[in-house]
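The values are calculated or read from the model by the stated rules, or taken from the named source; none is laboratory data. Bear in mind that the values here come from a model prediction, so they are computed numbers and not experimental data. Cβ placement follows ideal geometry from the backbone for every residue including glycine, while neighbour counts extend to all protein chains displayed.
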Amino acid sequence: MADMKKYIAEFIGTCVLVTIACGVAVVTGADVIATSLAFGLVIVGMAYSIGNISGCHINPAVSFAMFISKKLSGKDFLFYVIAQVLGAIVGAVFVGLICGSFSDKGITYGAFGQNMAQGVLTSAYGSGGALAVALIVEIVLTFVFVTAIMGVTSRTENKAVTGIVIGLALTLVHLIGIKLTGTSVNPARSIGPALMSLVNSTEAIKQIWIFIIGPMAGGGLAALVYNFLDKKKGDKQAEMKDTLDKGNE
């Protein structure tokens, strides 16, 4: 039952993230400041509401990083991802209903906050090159975001500010990424809107591989790099302790 509560929490958290943050993106025409703040503030709210239940990953890339760091079991990783994707799909449905995205009389027909390589990349690199650069963007931005998560959650004394730091980190990567890829750094967040956008276009689903591979690679790399750096720090502290102990003998 305890495990089920964690999965339900991840479902709810991801659903709220997509509903509110992607909803803001749709109603504001993906305004950079408004959308960035929406994603960051949702994370802050969810961190302090479901964080004590599931850890508030609400992102397969974060769960993957925790799995690599042995902070999440294989079973929990699998069910977290399933819950997150389902939550994102339901959230995208809510976006469509609220914003009228299923109807050509809505705010913007077919707009669910889906991720795609944006025009600035296409103009600079062409349609083919833009996809490759978009993949790099997602890897780098997810690396930055997950590294911040790994760092702030590694010390219990940071507990009071963990949600704020993670929310600000997500806001930060959105500020630069919205005009490049729409900013995913979260495969579930991309899958839900991409599926719903099939009502009028297949473009987002054709590019979905970028927003699955990029964030998962960035999250995994962040976990490996942070664990390496943290291990070195731990080894140095242990060495200093051994030296002091020998000096006191």
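Annotations for the structure displayed:
- Among the residues of the range 39-76, those that are among the small types (Gly, Ala, Ser) and under 14 Å from the mean Cα position of the chain (by Cα) comprise Gly40, Ala47, Gly55, Ala61, Ser63, Ala65.
- Test for Asp3: is it part of a helix (DSSP H, G or I), of a type outside the set (S, T, N, Q), more than 21 Å from Val173 (Cβ to Cβ) and at pLDDT below 95: yes
- Among the residues making up the range 138-159, those that are under 17 Å from Asp230 (Cβ atoms) and polar (S, T, N, Q) are Thr147, Thr153, Ser154, Thr156, Asn158.
- Among the conditions (1) touching a residue at least 24 places away in the same chain (Cβ under 8 Å); (2) in a helix (DSSP H, G or I); (3) under 27 Å from Leu172 (Cβ atoms); (4) not hydrophobic (A, V, I, L, M, F, W, C), the only one that Gly96 does not satisfy is (3).
- Of all residue pairs spaced 6 or more apart or on separate chains, those with beta-carbon atoms under 7 Å, a first member in the range 39-62 that is of a type in the set (Ser, Thr, Tyr) and a second member that is surrounded by fewer than 23 Cβ atoms within 10 Å (Cβ to Cβ) are Tyr48/Gly163; Ser54/Lys6.
- Residues that are small (Gly, Ala, Ser) and in contact with a His (Cβ under 9 Å, 6 or more places away or on another chain) were ranked within the range 22-59; the one that is farthest from Ile82 (Cα to Cα) is Ser36.
- Test: Phe79 is farther than 14 Å from Gly113 by Cβ and modelled with pLDDT of 95 or more: yes
- Residues in the range 215-249 that are modelled with pLDDT under 55, polar (S, T, N, Q) and assigned to a helix (DSSP H, G or I): Gln237, Thr243.
- Residues that are surrounded by fewer than 17 Cβ atoms within 10 Å (Cβ to Cβ) and either touching a strand residue (DSSP E or B) at 6+ places or on another chain (Cβ under 8 Å) or in contact (Cβ under 8 Å) with a residue 60 or more places away in the chain (or both), drawn from the range 110-135: Val120
- Restricted to helices (runs of 4 or more DSSP H) entirely inside the range 23-77, those with at least 3 residues that are within 20 Å of Pro215 (Cα to Cα) are 32-47, 60-68.
- Selection status of Glu157, surrounded by fewer than 19 Cβ atoms within 10 Å (Cβ to Cβ), out of contact with any His (no Cβ under 6 Å at 6 or more places or on another chain) and farther than 21 Å from Gly113 by Cα: yes
- Boolean, Thr171 is at pLDDT 95 or above and under 15 Å from Met46 (Cβ atoms): yes
- Selection from the range 48-85 of residues that are over 18 Å from Met4 (Cα atoms) and among the small types (Gly, Ala, Ser): Ala61, Ala65, Ser69
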